[in-house]
Each structure stands twice: as C-alpha cells, then as structure tokens.
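J.: For reference, the structure I am asking about is given below.
The values are calculated or read from the model by the stated rules, or taken from the named source; none is laboratory data. Values in this document were obtained by computation on a predicted structure and should not be read as measured data. Glycine gets a Cβ as well: all are built from the backbone with ideal geometry, and neighbour counts include every protein chain shown. For the accessible areas, the whole protein counts, side chains as well, though only heavy atoms, and no ligand, DNA or RNA atoms are used. Shrake-Rupley method; radii C 1.70, N 1.55, O 1.52, S 1.80 Å.
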Amino acid sequence: HLLVQPDGEFAQAIDWITQNQDPKIACHPVVSYVIDLVWTGVAARAFLFRKAWLLMTTTVFMLSQTILNSGIHDGVSECVWIRAAILACRCFIYMVSWPSLAMDHVK
C-alpha cells in the first residue's frame, strides 16, 4: 500500500509522508526501508541514465559549438573533416537530443 495501489497505479503514500514533514513518520524503519528499496532499484538506474544522457548531449553540444569551431578561422577551414564532424554533432543535437527533451517537457 505504500508503493502500489490495488489497481496497479503508483500510490501517493510516500508523497503524503514527505508533504507531512513529520520526522517520526519519515524515520520509521518500514518507510525508510521502502524508500531505500525504491531508490536502490528502478529509481536509481533511471536517475543515473538521465544524468548520463544529459552529460553526453551537453558534451556533444560543446564539441560542436566551441571546440570544433576553434579549428575554423575566418570562415575558411583547412580540413573538410572538421566541418563534417560539426555537421554530425549538430545533427545529433537537433534530431536526437532536442526531441527527447521536448517529449520530457510535454509529459
């Protein structure tokens, strides 16, 4: 009853416990065990996956906007590969990263 309702939906008991802000209830061994169980299982993996995805997309964005652009002087590039790498990074950002961020905001 703390995690799942009889109809299979997520129970709001943990939300109510945190909104109540009563340390006696929040520190109860059963509540503490259930919250630890959730965080060491599914929630921790989902949290770490989202943060790793954010770090990777931020790195690709920085690579395409600043690091690779520093190899281009006065609009003329000595190497076509630098421009191709910039194009690939920007395509990744525009076609993969931004739509997933937009879907997160729509939810």
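J.: Let me check the size of the stretch 1-90 from its C-alpha atoms; what are the radius of gyration and Dmax in Å?
T.: 23.8, 67
J.: Angle between the Cα long axis of helix 80-92 and the longest principal axis of the chain, 0 to 90 degrees, nearest 10?
T.: It works out to around 30 degrees.
J.: Additional query: Quote the charge dipole size of the chain about the Cα centre in Debye, to the nearest 20; the model charges only the Cβ of Lys and Arg (+1) and of Asp and Glu (-1).
T.: 240
J.: Scan around Ala11 for amide H atoms under 5 Å from its own, H built in the peptide plane at 1.01 Å from N, and keep only partners 5 or more places away or cross-chain.
T.: Those qualifying (amide H under 5 Å, at least 5 residues apart or on another chain) are Val4, Gln5.
J.: Okay, next question. Helix 29-38 against the longest principal axis of the chain: what's the angle in degrees, Cα atoms only, rounded to the nearest 10?
T.: That helix lies at roughly 30 degrees to the long axis.
J.: Let me ask you something else. Have a look at Ile14, Asn69, Leu2 and report the one farthest towards the positive end of the charge dipole of the chain, computed about the Cα centre with Cβ charges (Lys/Arg +1, Asp/Glu -1).
T.: Comparing the listed Cα positions along the dipole, Asn69 ranks first.
J.: Can you work out ³J(HN,Hα) from phi for every residue in the stretch 55-66, in order, using Karplus 6.51 cos²θ - 1.76 cosθ + 1.60 and θ = phi - 60°, giving whole Hz and x for Gly and Pro?
T.: Per-residue couplings from phi come out as 5, 5, 5, 5, 5, 5, 4, 5, 4, 6, 8, 10 Hz.
J.: Related question: Can you work out the accessible area per residue across the chain, with the rest of the protein chains kept in place, probe 1.4 Å, in square angstrom?
T.: 80
J.: How far apart, in nm, are the 7 Å Cα→Cβ label points at Ala46 and Val31?
T.: It works out to 2.2 nm between the two label points.
J.: Within the chain, what whole-number % of the accessible surface is contributed by carbon and sulfur, with the 1.4 Å probe and all protein chains included in the calculation?
T.: 69
J.: Please give the contour-minus-distance gain from Lys24 to Leu87: 0.36 nm per residue of separation, less the Cα-Cα distance, rounded to one decimal in nm.
T.: Gain in length upon complete extension: 17.1 nm.
J.: Stretched out fully, how many nm does the piece from Asp15 to Phe61 gain, at 0.36 nm a residue minus the Cα gap?
T.: Stretched out fully, the Asp15 to Phe61 stretch lengthens by 13.0 nm.
J.: Which net charge results when you count Lys and Arg as +1 and Asp and Glu as -1 among the other residues whose beta-carbon is under 15 Å from that of Phe47?
T.: +1
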